[in-house]
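A short worksheet on the structure shown next.
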Amino acid sequence: MQILKPFISSNSLKYLIITILSILLYACNSNYIKITSDTPLDKDISEKPEISETQINIDELLIEKEIIQSSDNFNLKKIAILLPMTGKYSKIGKAIFEGVELELNNKNNSPKLTIHDTGDKNINLKKVYNEMLEKDYDYIIGPLRKDLIKKILSYSSQKLPILTLNYLNDQRKIKPSVYQFGLLPEDESICIAEKAIIDGNNNASIFYPDNSWGKRIAESFSLRYKELGGKIIDTSIYDEDDEKNNISIRNLLKIEDSIKRKKHLENVLKIKLQYKPFISNNLDMIFSVGTSKDMRVIKPQFNFNYAEDIPFYSTSHIYDGVYNKQKNQDLNNIKFCDIPWLYNDKNAEIKSILKENSDKKDLFRFVAIGMDAIKIIYNINKLKDNKNKFMLGDTGYLQLDEFNKVRRHLVIVKFKNGKAKQIPF
């Protein structure tokens with residue numbers, strides 16, 4: 001009697017089983033095929049994202065902005081500038097004033113400028129203000145510091161309008177003749193939340209520095225993201241301890257759960273598996289806040305922990321405006337919001353000088369603030385009468401809200417091959 005031999009050998013069968021298991025494990029990484037069970041370990045993976053009742057139609061974010069045509073018809077003869085020209089914030093003050101002068105150079109009839117140095121702690125602001133009132137100044141630009149803004153608003157008059165260069169939280173102290181403008185970090189976090197939702201990323205985790213600034217931006221992003229129907233999966237803080245931060249990143253990505261599954265299968269099958277841990281919780285994106293120095297460490301850590309394909313968003317604080325391909329390679333694929341002036345051809349010679357000056361290369365955005373301050377005061381009536389429209393500025397698309405705060409709508413930028421390039425919203 002002839003004995004039939006097995007169609008495949010035992011070794012081949014073993015490798016076939018391993019191959020099938022590997023395919024199944026790979027499928028577990030997919031967003032389309034998931035293994036589900038009643039255990040708490042897998043429960044979070046099989047859940048569908050919740051849809052917020054306050055979800056806003058994405059089409060509203062994509063509506064083309066209606067632009068106000070700026071003009072120079074507003075007759076201004078005398079402008080007072082309140083900026084720190086000495087002291088701790090003198091570099092910022094001088095950069096803003098440089099922007100003011102740049103913009104006024106384009107005017108046919110430039111007004112007279114008077115600078116008052118607010119870097120001196122002993123400045124008698126009330127006396128300075130009364131002098132400007134008596135001499136019939138048309139406008140005040142400044143101050144920059146919040147404490148000085150509060151002071152000048154306590155005795156300001158309707159006769160002399162003010163454009164402050166910072167924002168106050170208490171709306172009750174703001175008079176109709178006072179307008180607020182500046183580099184508000186919340187403008188960026190709101191912009192990124194909107195871009196992330198437009199990109200289809202509805203589940204986010206947040207990684208931010210352990211300080212009040214980081215918390216403020218993270219909270220602003222979270223609020224807007226949830227308004228748009230997004231879901232915050234998890235949040236975590238970081239500090240200067242890279243090893244500790246790496247553990248925080250692993251916990252944020254929940255890859256330990258995946259590693260446990262791998263070890264469990266290896267124990268059951270008594271074999272070693274070629275296996276890449278996958279990221280749990282239906283995570284669509286990471287929003288991380290920090291400086292360029294921080295992010296050159298943090299982004300590679302996320303890449304090392306198998307998150308190189310997860311969309312990564314940040315703020316303009318990661319970029320000083322200077323092209324450095326080698327230094328910025330670690331920032332590749334990060335998206336952030338920024339001012340348009342850095343990415344267009346306007347004032348190319350001035351920008352080139354700023355880039356070459358090591359003391360000024362991180363002050364681009366403050367120069368743009370000075371330029372837009374002039375645009376705003378020349379077009380304030382148009383902004384007031386058209387609050388649903390925008391004026392194209394150097395710091396963004398400018399819009400006046402119901403509290404007389406100038407809000408900036410920014411452009412989207414992405415690092416590719418070490419270079420920051422503007423991309424479509």
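The values are calculated or read from the model by the stated rules, or taken from the named source; none is laboratory data. Remember, predicted model here, so these are calculated numbers, not experimental data. A quick note on method: Cβ atoms are made from the backbone with ideal geometry, for glycine too, and the neighbour counts reach across all protein chains shown.
Tabulated data for the structure shown
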item	result
Cross-chain or 6+ apart pairs with Cβ under 8 Å, segment 389-408 first and polar (S, T, N, Q) and at pLDDT below 95, then crowded, with 18+ Cβ neighbours inside 10 Å and in a strand (DSSP E or B)	Asn404/Val178; Asn404/Tyr179; Asn404/Gln180
Options Lys135, Lys77, Lys88; residue that is closer than 26 Å to Asn169 by Cα, touching a residue at least 24 places away in the same chain (Cβ under 8 Å) and surrounded by fewer than 18 Cβ atoms within 10 Å (Cβ to Cβ)	Lys88
Index of the failed condition, Ile68 passing every other in (1) surrounded by 15 or more Cβ atoms within 10 Å (Cβ to Cβ); (2) aliphatic (A, V, I, L, M); (3) modelled with pLDDT under 70	(3)
Those residues of segment 277-296 which are hydrophobic (A, V, I, L, M, F, W, C) and within 16 Å of Asn324 (Cβ to Cβ), in sequence order	Met295
Near pairs, Cβ below 8 angstrom, 6+ apart or cross-chain, from segment 296-314 (within 13 Å of Ile249 (Cα to Cα) and surrounded by fewer than 17 Cβ atoms within 10 Å (Cβ to Cβ)) to any residue that is at pLDDT 95 or above and of a type in the set (D, E, K, R)	Val297/Asp330; Pro300/Asp330
Residue check for Asn201: part of a helix (DSSP H, G or I) and of a type in the set (S, T, N, Q)	no
Single condition Gln158 does not satisfy, out of (1) under 14 Å from Lys405 (Cβ atoms); (2) touching a Ser or Thr at 6+ places or on another chain (Cβ under 6 Å); (3) surrounded by fewer than 17 Cβ atoms within 10 Å (Cβ to Cβ)	(1)
Cross-chain or 6+ apart pairs with Cβ under 6 Å, segment 344-369 first and more than 21 Å from Ser292 (Cα to Cα), then of a type in the set (A, V, I, L, M) and at pLDDT 80 or above	Ile369/Ile96
Filter result (assigned to a loop (DSSP other than H, G, I, E, B) and touching a Leu at 6+ places or on another chain (Cβ under 7 Å)) within segment 292-339	Ile310, Gly321, Ile339
Criterion violated by Ile318 - all others in (1) without any contact (Cβ under 8 Å) to a residue 24 or more places away in the chain; (2) hydrophobic (A, V, I, L, M, F, W, C); (3) crowded, with 22+ Cβ neighbours inside 10 Å satisfied	(1)
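Quick grid of which residues meet (1) of a type in the set (Asp, Glu); (2) outside any strand (DSSP E or B); (3) over 16 Å from the mean Cα position of the chain (by Cα):
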| site | (1), (2), (3) |
| --- | --- |
| Lys384 | no, yes, yes |
| Thr395 | no, yes, no |
| Gln399 | no, no, yes |
| Phe403 | no, yes, yes |
| Arg407 | no, no, no |
| Lys414 | no, no, no |
| Lys421 | no, no, no |
| Phe425 | no, yes, no |
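Residues checked against (1) assigned to a loop (DSSP other than H, G, I, E, B); (2) surrounded by fewer than 17 Cβ atoms within 10 Å (Cβ to Cβ); (3) at pLDDT below 95:
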position	(1), (2), (3)
Asn130	no, yes, yes
Ile140	no, no, no
Asp147	no, yes, yes
Leu168	yes, no, yes
Ala193	no, no, no
Phe207	no, no, no
Lys226	no, yes, no
